[in-house]
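Structure record follows, encoded as structure tokens.
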Amino acid sequence: MSESASEPVGSVSEEAFKLFRALAASSTEPKTDEPHVCTATWCPVCQVVGLVRDNPDAVAQVSASAAAFAKSLRDLVDSAIPAKPAPEEEGTA
């Protein structure tokens, strides 16, 4: 059995601290200038990066469609909620 397997499991905050400490230690290791090569075709991060890199026009169209959709939702909400009447100025009668 490995040493880490025999360690007792701590609270959520203790385990999060261990994770951040391990990530910080791995980030201080020397970096190579080689680009990331994903050998797993199921990696969602690599798939998104590849899609964005290979199809910038599609990304622009999706962004424009998302903005139009958000505007449509905003218009729908604005039309569903009645406008508040403007408060009358004081001194007018």
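The values are calculated or read from the model by the stated rules, or taken from the named source; none is laboratory data. Keep in mind the model is a prediction, meaning the values are calculated, not measured. Virtual Cβ from ideal backbone geometry, glycine too; neighbours counted across all protein chains shown.
Condition first: at pLDDT 70 or above, touching a His at 6+ places or on another chain (Cβ under 8 Å) and surrounded by 10 or more Cβ atoms within 10 Å (Cβ to Cβ). Can you find one or more residues in region 33-46 that meet it?
yes
Within the set of pairs 6+ apart or on separate chains, which have a first residue in region 57-85 that is free of Cβ contacts under 8 Å to residues at least 24 places away in the same chain and assigned to a helix (DSSP H, G or I), a second that is surrounded by 10 or more Cβ atoms within 10 Å (Cβ to Cβ) and not β-branched (V, I, T), and C-beta atoms under 8 Å apart?
A58/L51; V59/L51
In region 1-32, what residues are part of a loop (DSSP other than H, G, I, E, B) and modelled with pLDDT of 70 or more?
Taking region 1-32 and keeping what is part of a loop (DSSP other than H, G, I, E, B), we get 1-2, 7-11, 28-32.
Scanning region 1-32 gives E7, P8, V9, G10, S11.
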